[in-house]
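What follows is a short report on a single structure.
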Amino acid sequence: MEELQKALQDRGLTVTGLPEKGRCLYTTKDFYPGEVIISQEPYVCVPNNSSSISRCDGCFASSNLKKCSACQVVWYCGSNCQKLDWKLHRLECQVLSRLDKEKRKSVTPSIRLMLKLYLRRKLQNDNVIPSTATDNYSLVEALVARILFELIIWFNQFGLVLCFSYNKSLMPAFFNNLFGKDMSDIDEKQLLLYAQMANLVNLILQWPEISIKEIAENFSKLACNAHTICNSELRPLGTGLYPVISIINHSCLPNAVLVFEGRLAVVRAVQHVPKGAEVLISYIETAGSTMTRQKALKEQYLFTCTCPRCINLVTGARMMAAVASCFEILILMELEDWKEALAYCQLTIPVYQRVYPQFHPLLGLQYYTCGKLEWFLGDTENAIKSLTKAVEILRITHGTNSPFMKELILKLEEAQAEASYKLSSKDE
């Protein structure tokens, strides 16, 4: 903890513990809109591969992929990503190659994330890869673990394939022993699911020093601390564990936003965050009503938000009504029709302005989409206005150096050049 505090001190941050909230990240200097508060590479991460889409384990690209010839589970887009990942994948490949073809089908992203967690810990313990104050397994150990309820939710989200059979009558006794209390009121299917996840990792690794209880606890930590890695347009690509980023608490009125630049997690201020303030991001979609947000937080993270917005139930209800009307428009329109798509974007922007703060990625991306459609349909003048608004918002949330932002700024410059050319042509 002392090493972490020292590392954070150099960045104008400190970790403080509060009885009602646990660990919190506070500032020791002022941060201003668009300024990076903290960034972190994942301790472990995996692409969200499925039967319909595969991604590179290194960069999450989805084209020009080749499957690892040994384990037949992991994909790479080229030799560069494969070489960078080799130290970790060499161990993973060994344990996965021991499985028969049917059992390999059970290796979901959540299983791989857990395998990589233990394998990376081994590599750091053996000094094969370095440990730092912000990149070590002790940070994972310090994360909060929830034991059962949200864990099962997380398993279901990843679509666990049931691969081993158990005697159901043994399940209550197994969990009574595991948790040291009566678990007989838990649904047997949930108990079976829980046992299979923990046991599968144990069977794959075959490390006698690791108990099923420890694996279960780490799954619980992943359930409420792992982040969905998204591209610049907020489309999900994978899942990663960022132990320092996970210290940041939730608010439905956040003063910072979490975005990803590749696999790098970047937290930027979206308003002035004064010295001595807590850094807050949103864990969930904030456009819903207070009831909707509270339900999502309770189910996934097991806490009740007490931010100022959650106290104002009326505002939340109005916001939900606005979003509901927005969804009705989306259902009725035909997305293949560019004009209809533009009409939808133009109708939703006022709604987004009501439900999101001034600098929010979704608001900026909606302006971006609107601008692209306007330009495509020949309305250069309005395209410039929309793209300008997009740049104003997204430069705060995304910065200006990512490929996405460079492309957006280039689009705006091209639209401005086109408008200037049209104007000069008229004058002639």
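Out of the strands (runs of 3 or more DSSP E) lying entirely within region 203-275, which hold 2 or more residues that are of a type in the set (A, V, I, L, M) and within 22 Å of E285 (Cα to Cα)?
Strands (runs of 3 or more DSSP E) meeting the threshold: 236-241, 256-261, 264-269.
When each of L99, L91 is tested for being part of a helix (DSSP H, G or I) and within 26 Å of S220 (Cα to Cα), the lone residue that passes is L91.
Mind counting the residues in region 1-12 that are in contact (Cβ under 8 Å) with a residue 12 or more places away in the chain and open to solvent by 50 Å² or more (accessible area, probe 1.4 Å)? So the answer is 5.
All of (1) assigned by TED's automatic domain parsing to the domain that holds S251; (2) modelled with pLDDT of 95 or more; (3) among the charged types (D, E, K, R) hold for D10 with one exception: (2). Is it the case that L237 is of a type outside the set (S, T, N, Q), surrounded by 15 or more Cβ atoms within 10 Å (Cβ to Cβ), modelled with pLDDT of 90 or more and farther than 24 Å from L25 by Cα? The answer is yes for L237.
Take E41 and tell me if it is in contact (Cβ under 8 Å) with a residue 40 or more places away in the chain and either basic (K, R) or in contact with an Asp or Glu (Cβ under 8 Å, 6 or more places away or on another chain) (or both). Judged against the criteria, E41 is a match. Taken together, V46, V15 contain a single residue that is touching a Gly at 6+ places or on another chain (Cβ under 9 Å) and open to solvent by less than 50 Å² (accessible area, probe 1.4 Å), which is V46. Quick check, is G22 touching a Lys or Arg at 6+ places or on another chain (Cβ under 9 Å) and of a type outside the set (D, E)? Criteria not met by G22.
Check every one of the strands (runs of 3 or more DSSP E) wholly within region 1-48 and list those with 1 or more residues that are under 30 Å from H89 (Cβ atoms).
Filter on region 1-48 gives 36-40, 44-47.
Of all residues in region 338-362, those satisfying the criterion of being touching a helix residue (DSSP H, G or I) at 6+ places or on another chain (Cβ under 6 Å) and either assigned to a loop (DSSP other than H, G, I, E, B) or of a type in the set (K, R) (or both) are R354, Y356, F359. Of the residues making up region 110-135, those that are within 20 Å of the chain's Cα centre (by Cα) and open to solvent by 20 Å² or more (accessible area, probe 1.4 Å) are T134, D135.
The values are calculated or read from the model by the stated rules, or taken from the named source; none is laboratory data. No experiment lies behind these values; they were computed from the predicted model shown. Ideal geometry is used to build each Cβ from the backbone, glycine not excepted, and the neighbour counts take in all protein chains shown. Surface accessibility is based on the protein's heavy atoms, side chains included, excluding ligands, DNA and RNA. Shrake-Rupley method; radii C 1.70, N 1.55, O 1.52, S 1.80 Å.
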